[in-house]
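A.B. asks: This is the structure, below, for whatever I ask next.
The values are calculated or read from the model by the stated rules, or taken from the named source; none is laboratory data. Treat the numbers as computed from the prediction; the structure is a model and nothing was measured. Please note: Cβ atoms are built from the backbone with ideal geometry, for glycine as well, and neighbour counts cover all protein chains shown. SASA here: full protein model, heavy atoms, side chains in, ligands and nucleic acids out. Shrake-Rupley method; radii C 1.70, N 1.55, O 1.52, S 1.80 Å.
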Amino acid sequence: MSPRFEEIDWRPTPMGDISLRRRRDPLTGQEVYEVKLGDEFLMSSLFTAGEIELARLGLGALPDGGADSGTDTGTGAGLDVAVGGLGLGYTARTVLEDPRVRSLVVVDALPDVIRWHEEKLVPLGEALVSDRRCRLVRGDFFALAAGAEGLDPQRPGRRLHAILLDVDHSPRHVLHPGHAPFYEEAGLRALSGHLHPGGVFALWSNDPPDEDFTAVLARVFATAEAHVVRFDNPYQPGAAANTVYVAGKAAGA
C-alpha cells in the first residue's frame, strides 16, 4: 500500500513553486495525483472529466477523416492536433484514443511537468511518451500561438486540425498576466491562423459559461459554443461543473 501522502517532486519556477504530490483519498480510497503551483491546485487525478471532455468535444466537432474531409492535411489521411498544457496528461491521452489522430504536439512551459511524464512519475507518462504519434514540447503556448511560425517548433508554419487549450483557470482568471491578450479578439485571430480551414479550437475553463467570451469567439470563428461538463465531487453536495468552449473555423477560411 502506498503512503498516505508523498511529495514526489518540488521545484521553483518563474510562475511559483510547482509540486507533484500523491496521496490516498480518505473518502474514495483512490490513489490521487495532484499538481500545485504555489498555493493553487492546478490539477487532480480525482477530477478529470473536464480535461477528457475538452478532447472529446473538440475532436468531435471535426468532420470524420483527415484528407477525405476536404481539409488540407498534407500527405495521407489523419488529424494533426496540438494541446496547450500537459498537466497529468488526461487531455493528451484522450486525443490519442481517437483513431483518426495522426500526430499530437503537447506544449507545456514547465520542463518539470514534461520530465514527470518522461520519467514515468505520473500514471499516464509511459503511455504518452511511448506513443510515436505524440511529442512533448517545452514552450510558451501563448507566445507560439501569437507568432507566425505556430505551435510546432520542428515544423514552422504548420497548420493543425484542432488546437485544445487547458492552462489558465478561465479566460478571466489567468495564471500569468501575459496570458490575458490571448483571450482577446486579436489573440484568437492569430491562433486561428494556425488552423486548417474547418479546424477547431477548444478551451477548458473552471468558470461557468462566459457570454462575453463566447461573443469574442463568435467574432473570430464561424461557430462558437460553450458546453457545461458536470461531474461528481465527493467533497461537496451536488454535481460540480467545468466549461468547454468549442469554436470552429470556416471551411473556406
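A.B. asks: Run a plain Debye calculation on the chain (Cα atoms as equal point scatterers, no solvent) and give log10 I(q)/I(0) at q = 0.07, 0.09, 0.10 Å⁻¹, rounded to two decimals, same order as the q list.
C.D. replies: -0.23, -0.38, -0.47
A.B. asks: Something else: Rounded, prolate or oblate for segment 10-148? Axes are the square roots of the Cα gyration tensor eigenvalues, ordered a ≥ b ≥ c, and the cut-off for rounded is a/c under 1.5.
C.D. replies: Taking the square roots of the gyration eigenvalues as a ≥ b ≥ c, segment 10-148 is prolate.
A.B. asks: Another question, if that's okay. If we count GluC sites (Glu not before Pro) as exposed when they sit in a DSSP loop and have at most 14 other beta carbons within 10 Å, what is the longest stretch of the chain that avoids them all?
C.D. replies: Counting at most 14 other Cβ atoms within 10 Å as exposed, the longest clean stretch of the chain is 1-96.
A.B. asks: If each DSSP helix of 4+ residues adds -39,500 (n - 2.57) and the sum is divided by the residues in the chain, what number results at 222 nm, nearest 500 deg cm²/dmol?
C.D. replies: Using -39500 (n - 2.57) per qualifying helix, the result is -6000 deg cm²/dmol.
A.B. asks: Sorted by packing (mean other beta-carbon atoms within 10 Å per residue), highest first, where do 150-162, 228-240 land?
C.D. replies: For the peptides 150-162, 228-240, the packing ranking is 150-162, 228-240.
A.B. asks: Taking the Cα-to-Cβ direction at Thr223 and at His173 and moving 7 Å from each Cα, how far apart do the two end points lie in nm?
C.D. replies: About 2.9 nm, to one decimal.
A.B. asks: Ile18's amide H: which non-local residues (gap 5+, or another chain) put their own amide H closer than 5 Å, with H modeled 1.01 Å from N in plane and none for Pro or chain starts?
C.D. replies: Long-range HN contacts for Ile18: Arg11, Thr13, Gly38.
A.B. asks: How large is the accessible surface per residue of the chain, computed with a 1.4 Å probe and reported in Å² as a whole number?
C.D. replies: I get 46 Å² per residue for this part.
A.B. asks: For the chain, give the percent of accessible area contributed by carbon and sulfur heavy atoms, probe 1.4 Å, rounded to a whole number.
C.D. replies: For the chain, the apolar C and S fraction of the accessible surface comes to 50 percent.
A.B. asks: Further question on the same structure: Answer rounded, prolate or oblate for segment 147-205, using the Cα gyration tensor with square roots of eigenvalues a ≥ b ≥ c: rounded when a/c is under 1.5, else prolate when a/b is larger than b/c, else oblate.
C.D. replies: Prolate is the answer for segment 147-205, as a/c is 1.5 or above and a/b outweighs b/c.
A.B. asks: Give the separation of the Cα centroids, segment 24-64 to segment 183-206, in Å.
C.D. replies: Centre-to-centre (Cα) distance: 22 Å.
A.B. asks: Decide, for segment 77-187, between rounded, prolate and oblate: order the square roots of the alpha carbon gyration tensor eigenvalues as a ≥ b ≥ c, take rounded if a/c falls under 1.5, and otherwise choose prolate if a/b is larger than b/c, else oblate.
C.D. replies: Judged from the Cα gyration tensor, segment 77-187 comes out oblate (a/c at least 1.5, b/c at or above a/b).
A.B. asks: Could you check what % of the DSSP bridge pairs in segment 92-246 are antiparallel, to the nearest 5?
C.D. replies: Antiparallel bridges make up about 55 percent of those DSSP assigns within segment 92-246.
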